[in-house]
Every structure is written in structure tokens, then in C-alpha cells.
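Each reported figure results from applying straightforward, stated rules to the coordinates on display, with no laboratory input. Quick caveat, the model's predicted, so the values are computed rather than measured. Note that we place each Cβ from the backbone using ideal geometry, even for glycine, and neighbour counts take in every protein chain shown.
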Amino acid sequence: MAFPTRRCGRLRTKCVVILAAPVLAAVAALFLGAYGVSPGQVLRILAGRAADGQETAIVLDVRLPRIVLAALVGMALSTAGATLQAVLRNPLVDPFILGISAGAAFGCALAIGFLPGVPLPVMAFLVGGLAVLAACGMARSGGQISRLSLVLAGVIISALFTALLSIVKFLVDPMKLQSIVYWLMGSFALADWAQVRSAGLGILLGCLPVVLFRWRLNVISLGDDEARTLGVHVSRQRIVFIAGATLAVTSAVAVSGIIGWIGLMVPHLVRMATGPDHRRLIPLSMAGGAAFMIGADTIARSLTTADIPVGIITALAGAPFFIYLMRRGGQESWGE
Amino acid sequence: MIRVEGVTFRHPQGAAAVLRDVSFAVAPGRLVVLLGPNGSGKTTLLRCLAGLWSPTAGRIVIDGRDLRHLSHRQRAALLAVVPQEHAPAFPYTVQEAVLMGRAPHIRVYAGPSSADRWAARVAMEAVGISALAARPTSRLSGGERQLTLIARTLAQEAPLLLLDEPTSHLDFRNQHRVLALVKRIAAEKALTVVMTLHDPNLAAAFAHQVIMLKDGAILAGGEPETVLTEDRLCRLYDMPMGVLTHAGHRLMFARQP
């Protein structure tokens, strides 16, 4: 091919490292935790040859589901981030900034507080979908969505749903309030296999169209007119991408609360490492997001004896990153 | 074969028609230049030809098929477009950008195959940008970017090529190089080309057929030698113009009042 082989080889190395990262992170996380289980014992438990029932339960029913859930949520958020950035042609957006997370959180709180019959992921998807439509609708003028007005619209939508969420918190009975508040902080502390199943279904279903159609993201990111002259049915394809991203994100929010910034940081880091081609970017963002989230969660649960909500860790990393992206004025990673 | 039949275009909210009863035909293998001042409707006409906008009245027929009845994909297999502004959201490499021309040939859930890669490579070779394959498009000069877009249209393998002011961001030398390249490739591959230009001199040098547009209507159309006269140029640009002929070249200039 036209590439010099050295560049090709370096690229391949980077891809392999990113793809291997979540596996390595998961293995490391399995051996770390507040309750000291010796590495040898962890290996024996994994091999199914351990006597101690309590230690087995800690590794297999506390740590393992927590790691899997963190990986799924990290994957969902960063895949959605990469997708939304391409579809909206805006490198500054992610599900958190667009207000999808806040919308989904409001939907969940509503379900917890007042609609006990409705499953959380369903409410999360409905209200989260409403949020993204509202943000895009607000930012659109004359058929165009400008980058800055989309970010502003997202801020407004987020503020709106956060206010609505406060009303729910204010009105709901104190017992339910406690569970809403704890879940909202963004934490995997309550992870179990049931949560993995319920979130996993929505996340995998939402990521599926993105993975299948990912090369089209390249074409769509050129803008509506160019994509149309290249034969892409832009409006139909865009709805599929946004719906998939929204389903993945809202399924994640329903189990983990609001965890911001991952969807912004991971795609940018991957793009800086291996370039903007979505054929690579999507799978690498999935792996990178999973690894990042497992890492952040491991830090959150082992930094102190208390289990710090992981959303705090990602926000601490994400805010400076956003400032860095803005200061760079968008050169390499979004080519203006 | 393109037939434009009585095309009128009006913006949904606008009262005045941007195009008024425009009709012309382009024979296969011809290079046609649309000339006219800003706001004359050149770009609107090109967007209608590209299928991005639908005429308010009249129709555009390509190879016997009404443009309105074609899907995006069918249209993209017939005509390729070089847009005036190209600002990708991400810095794709030249190779990735050219590969996007294969979109109409690639199934929705698939990515480019090795045959598609080959087509992109051949297209890059044809316009002489193989050495730039791995360069991000954000780091190209205006001329290189234009060549990348032309390579993309070649990879698209459509028999019809539309270019919207392909020379507007180019220096003097590159204007001639790019247009000469387009003309050579069009002749080699028997492509039909329609482009808008600002400079009548470039039209005279490269076009088989010139169509003058003024206030949304056709002022004149035909071979450059017969269309590009002093009288018509004066009316087209609303200013005194002169025409010189020297060694087979036609030189048009604005007369100082």
C-alpha cells in the first residue's frame, strides 16, 4: 500500500495496545480491593478451587460484576461520544454535554420516585432521547447546527433536566430520595450480575448499529451536502446513529448514574493516537473507554477506605481536558 | 447526456426566483462552463444538477432519467461533485478522503474492500497525489486539496462531474494546472463535466461549451468563440469589456472607464 511500512507498523502497535488495555485493566482490578484477598487466592477462586465461600463471593459476585459493568458503561459512553462528535460534526460534544445524561437521570428519578412499574432503562431512553432532540432542535437555525450553539443548547438542556431532577428529589419520599441521591453520584458500588444483564442488553444493542455502519461516520462527518452527493441518505442514517448512541448512554445511566467526560476524552485520545478514521476509531474507543472506566473505578474504590463515586474521578480528569481542547483551538484532532 | 428543461428555482421562503426557465443540453464528453457574476444563479443551478435542491418547476434529465426519481445512491453513481467549500470535521488522510468516493459502491454495513482501496489508489495516481496519501487533509495547500477532491470523484467512477468554482482558492498557476488536469482526465475517461467559473479567460481556454447566466436566466450559450463576444460580456458583467485575440488565444479584459 501507499503507507511506508514503519508508519503502518507503529499504528498497528498502538491499536494492539489500546485493544489489550481493557483486559489488562480488568485483570489488575480483579486483584485490587478494600477487602484484602491475596493474589494466590484470587487465582484459586478463578480456577474454581477455593474453599473460602466469603472470599469467593467477593471476587466473583462483587469485583467481577463491578468490573464488567464499568467496562460496559465506559464502552457505551465513549462509543456514543465518538458517534455524536462525527454525526454532529462537533468535536466538543459528548452525551454529558448534550444533556442526554441529565435527561436520562431525570427519567430514572421519575421512575424511582413516582412510576414504580416502569423499568428505569425505558424511562432513561425516552427522556434522554427527548433531551438530544431538544438540544439539536434548539441549536439548529436555517438547516445548520453551529458548533458553539450546540454546546450552549446542551448546557441549557442539562440545566433544565437538572432542575426537574431537583423537583423530583424535593417531592419524593425520603426513603426513595436516598437511593436516588446515591445512584446519581455516578458509582458502580452496587454493581451485581442483574445490573450487568439489564445494562448490557441496551448497551450492546445501542452499539451494534454504530459498529456496523461505522465507516459511514467518515462520510457523514464531511457534512450533509457532501455526504448526500456521495450517495448517503444522511437524515435516515443520522437518526440510526443518534438513536443507537442514545440507547447505549441511557442504558448506562440507568445503572451507573451520571458519569461525565469519558465520552469526550476517550475518542479524542484515541484520535490523537491513531487518527480519525472511524473504522478504527469506534472499536478502539470502545476498548479505550472500557479500560479507562475500569481504571477510574479501581482508583475510586481503592484510593480511600470509602468508595468515592467514580463520576468525581472522571470529572477531575475531564474538566482540564476540555480546557486543553479549547485552548488548542482545534488543530490536529479536529482539523480546523 | 444532460437535459435541463425549463428549470425554475425559488427558495422556500424567498419571493424572487433564483433561476428562471433555464433550459440547455450537454452532450456526453463535453466540458461545460457556467459563467456569470455573483448572485446570477450559477451555484444554485449546480446544486440543482447535483440533486441537492429540487427545481421549483421544470426538470433535469440525465441519461433519460429524471433526477428527482433517483435515490441518493443512484444519483451518486451517476454524478460526482467537487464542492466549493470542503471543511471536514476531522483531519482524515488524503487516502481516507479519496476512499470516501467509494461510498455509493459500498454496502451500508460494510467498509471499503481491497478493490475499493485499489480504486482509490488508481485515482490518486491519476491526479498525481500518491505521495500525499498519508498526509492529513488539514495540512494540504489549496491546490492539493482540490486535487484530493478530484481524486475522490474519480474513485466514485461517475460519468458526470460537477465542480463548483474549482479555481476560487487557487493561485494563477494552480488554476491552470487543475483545469488542464480536469480536461485531460475528462477526455481520457469520456466524462461529462459541468463547472462554474468566475474568469471568462479560463472558460475560453478550457470549455467546449459556455453558458452565460444573468439574474437567473440564460443570456447566451454555445461554443466559447461565438459566445464570448465583447457585446455579450458587457451585458453579462454590466461593465465595459474588451476582447483580444492573439495566436489562437482569446483574452478578455475589463476596460478602464
Cα shape, chain B, gyration tensor, a/c 1.5 rule: oblate
query: With helices defined as uninterrupted DSSP H runs, which ones in chain A have an alpha carbon span along their own long axis of at least 20 Å and mean Kyte-Doolittle hydropathy of at least 1.6?
result: A:120-139, A:147-171, A:310-327
message: About the Cα centre, and with charges only on the beta carbon of Lys, Arg (+1) and Asp, Glu (-1), how big is the dipole of chain B? Nearest 20 debye, please.
response: 500
field: MRE, 222 nm, helices only [DSSP H, n ≥ 4, -39500 (n - 2.57), over chain B, to nearest 500]
entry: -10000 deg cm²/dmol
message: Cut-off 16 Å, label point 7 angstrom out along Cα-to-Cβ of B:Gln84: give me the residues of region B:46-67 whose amide nitrogen falls inside.
response: B:46-53
field: Modelled FRET efficiency - R0 22 Å, A:Phe170 with A:Phe114, Cβ distances, 0.05 increments
entry: 0.95
task: Please find the FRET efficiency linking B:Ala27 to A:Asp225, where r is the Cβ-Cβ separation and R0 is fixed at 22 Å, and quote it to the nearest 0.05.
output: 0.20
- prompt: Separation of region B:33-111 and region B:154-209 by C-alpha centroid, Å?
  reply: 16
Over chain A: helical MRE at 222 nm, DSSP H runs n ≥ 4 each giving -39500 (n - 2.57), nearest 500: -24500 deg cm²/dmol
message: Give me A:Met175, B:Met100 sorted ascending by neighbouring Cβ count inside 10 Å, so fewest comes first.
response: A:Met175, B:Met100
- request: Work out the length of the dipole vector of region A:64-325 about its Cα centre, built from +1 on the beta-carbon of each Lys and Arg and -1 on the beta-carbon of each Asp and Glu, and round it to the nearest 20 debye.
  value: 400
- request: Hand me the GluC sites (Glu not before Pro) from region B:72-164 located in a DSSP loop with no more than 12 other Cβ atoms within 10 Å, in residue order please.
  value: B:Glu85
query: Ranking B:Thr153, A:Thr79, B:Thr192 by Cβ neighbours within 10 Å, fewest first, what do you get?
result: B:Thr192, B:Thr153, A:Thr79
query: In whole percent, what relative contact order does chain A give with Cα contacts below 8 Å and a gap of six or more residues?
result: 30
Amide N proximity, region A:98-124 versus A:Ser198 label position 7 Å along Cα-to-Cβ, cut-off under 19 Å: A:101-124
statement: Between the alpha carbon centres of region A:74-118 and region A:144-165 the gap in Å comes to 12
task: Starting from the Cα of B:Leu70, step 7 Å along the direction of its Cβ; do the same at B:Tyr109; then give the gap between the two resulting points in nm.
output: 2.8
field: Partners for B:Lys42 among lysines (Cα-Cα distance below 19 Å; same-chain residues under 8 apart left out)
entry: B:Lys214
field: Mean Cα-pair separation over length for chain B, i.e. relative contact order, pairs under 8 Å, 6 or more apart, %
entry: 25
query: Percent antiparallel among DSSP beta bridges with both residues in the protein assembly as shown, to the nearest 5?
result: 60
message: What does the extension gain come out to for A:Ile323 and A:Thr162, with contour length at 0.36 nm per residue minus their alpha carbon separation?
response: 55.7 nm
- prompt: How large is the charge dipole for the protein assembly as shown, taken about the Cα centre, if only the Cβ atoms of Lys, Arg (+1) and Asp, Glu (-1) carry charge, to the nearest 20 debye?
  reply: 800
message: Starting from 0.36 nm per residue, how many nanometres of slack lie between B:Ala131 and B:Asp199 once their C-alpha separation is accounted for?
response: 21.4 nm
task: Could you please state, rounded to a whole Å, how far the C-alpha centre of region A:269-306 is from the C-alpha centre of region A:213-253?
output: 22
